[in-house]
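All remarks here apply to the structure that follows.
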Amino acid sequence: MTTIDDALARDRAIPDLDWRVFPDLAEFDVFAAPSGGLARVRLGARGGPRVVLVSGVAGSKEDFVLLFPLLAAAGYRVESYDLAGHYGSVNAGPWNLAPPRDHYDYPLFVDDLVAVLDDGEGPAHVLGYSFAGLVAELALVERPDLFASLTLMSAPPATGQVFRGVKHIGPISDMTPHRAAGLILWGIRYNLNRTPPGRIAFVRERMVVTSRACIDDVVALMMQTPDMAGAVARIDVPKLIAVGERDLWPSEQHEEYAAVIGARVKTYATGHAPCESAPHQLARDLLALFQEA
């Protein structure tokens, strides 16, 4: 991982794999978050600097299987968890709050992330993937003391109805959240991104478990994203925007958002999920960011 060519070559050599399998020394537990039990996995030396990887809508901790050993080998304590309503955390939700609420909302996801970050020593390096990037930004504004750095991986570089900025479908994206969520899930289920057999098999398995009501609520939240760029910009931690050339949002939008919040940008020859197809390049750039912090 010492040069761009080495990382690129390693990424190109990634075989198809079973995405449910973490390294042998991975530790699994269920974290007691405000919304309920969150399925969590951790790897790396206890007491090492923490890295918290947060998956996006319809995702799970398994999205980072290839990233875990790379960061742990560099001496970091790496962890991830399934968002409430997702995969292993499907029983976590607004009904567990005091008082109970009817829908998943931003405070639920932010409070869960803050609780995870509080469950450890010192500030953590946080990566938020897609929707979780929005959650991570809100958590940063609320509790900057918990962050050593912030990475937004393929997070919406917009406010309000963020799907309006998506390539190709933006002009037709003003629809009900339920219908928009259905289109997103349809695209995932029918593998429009042409992901390898092992990956799409796991994704389809995960979709059966994840709560559709939660996905609808998350899509609705993304259609009313608050403007937090100014507040994020004022917080002095190293920031990185990591995206693929074929991300949902155009590169120009990511670059403009990076300029506003004071982040560097790293772009990879991939799509919406650099953690899947460019983990060595991503790990190289994350480690450089961590060293700066």
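Remarks
- For the chain, calculated [θ]222 nm from helices alone, where every DSSP H run of n ≥ 4 adds -39500 (n - 2.57): -11500 deg cm²/dmol
- Mean-position separation - Cα centroids, segment 12-74 and segment 95-153, in angstrom: 16 Å
- Total formal charge among the other residues, if their Cβ is under 11 angstrom from that of Ala32, Lys/Arg +1 and Asp/Glu -1: -2
- If both residues of a DSSP beta bridge must be in segment 4-292, then about 35% of such bridges are antiparallel.
- Semi-axis lengths (Å, descending) of the ellipsoid that matches the C-alpha gyration tensor of segment 1-157: 26, 17, 16
- With neighbours defined as other Cβ atoms within 10 Å of a residue's Cβ, the residues Asp11, Asp118, Asp236 order from fewest to most as Asp236, Asp118, Asp11.
- Whether the chain is rounded, prolate or oblate, judged on the alpha carbon gyration tensor where a/c under 1.5 counts as rounded: rounded
- Global form of segment 216-290, assessed from the alpha-carbon gyration tensor, a/c cut-off 1.5: oblate
- Going by neighbour counts of Cβ atoms within 10 Å, the residues Ile235, Ile200, Ile215 line up, fewest first, as Ile235, Ile200, Ile215.
- Ranked by the mean number of other Cβ atoms within 10 Å of their residues, highest first, the peptides 203-213, 85-95 fall in the order 85-95, 203-213.
- When Asp16, Asp216, Asp247 are arranged by Cβ crowding within 10 Å, least crowded first, meaning fewest neighbours, the order is Asp16, Asp216, Asp247.
Computed from the coordinates by the stated procedures, all read-outs in this text should not be read as laboratory data. Every value quoted in this text rests on a predicted model; they were computed, and no experiment measured them. When we count neighbours, we look across all protein chains shown, and the Cβ atoms used for this are built from the backbone with ideal geometry, even at glycine.
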